[in-house]
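Trainee: Got a structure for you, written out below as structure tokens; questions coming shortly.
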Amino acid sequence: MYVLADPAGQSIVTAKDPYTLDIQNRAQMINNAVLGVIDAQKTQPAYKFRTTYEDAVFLIRKKNLEAEQENLKLTPDQRTLNQKYKAFLHEAYLVVDDCYSGKQANLTKINEAKAALS
């Protein structure tokens, strides 16, 4: 973590590690896709909902594969964060799959997994 301070000694800007920010941005993109599926479950006709679901599943799987592939290039701290990100992806998939099965989406675990990425 980086902290920029003014000459008076007061901190004005705090920036996180670039990898952490990248993971958080990826998680937000996945979260948006999950919320899109939840919304589509209620509002879209079946054929459109299926497309929305498939797009979200494709994105989750793609990001999971990318996380697996980059794992070898990471520092130990980054690997830990990457593991948490993959756990978040797993929870995202479970929510999307529940929606596709017609169940009510439970966002508790996915929100906990996303919070662990901070």
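Just so it is clear, none of the values below were taken in a lab; they were calculated from the coordinates. This is a predicted model, so every value here is computed, not measured.
Trainee: Mean 1/r over all different Cα pairs, inverted: what Kirkwood radius does the range 17-115 give, in Å?
Mentor: 13.8 Å
Trainee: While we're looking at this one, here's another question. Using only C-alpha atoms and all pairs of different ones, pull out the Kirkwood radius for the range 67-118 in Å with one decimal.
Mentor: 11.8 Å
Trainee: Anything over 25 Å Cα to Cα? Flag those among 63/109; 73/109; 62/114; 48/109; 86/109; 63/114, in the order listed.
Mentor: Pairs exceeding 25 Å: 73/109; 48/109.
Trainee: What full-extension length gain, to one decimal in nm, is calculated for residue 55 and residue 70 as 0.36 nm per residue of separation minus the Cα-Cα distance?
Mentor: Gain in length upon complete extension: 3.1 nm.
Trainee: Each residue of the range 55-71 in order: what ³J(HN,Hα) in whole Hz does its phi give by Karplus 6.51 cos²θ - 1.76 cosθ + 1.60, θ = phi - 60°, with x for Gly and Pro?
Mentor: 4, 5, 4, 4, 4, 4, 5, 4, 5, 5, 5, 4, 5, 4, 5, 7, 4
Trainee: Separate question: If you average the sequence gap of Cα pairs under 8 Å that are 6 or more apart and divide by the length of the chain, what percent do you get for the contact order?
Mentor: 28 percent
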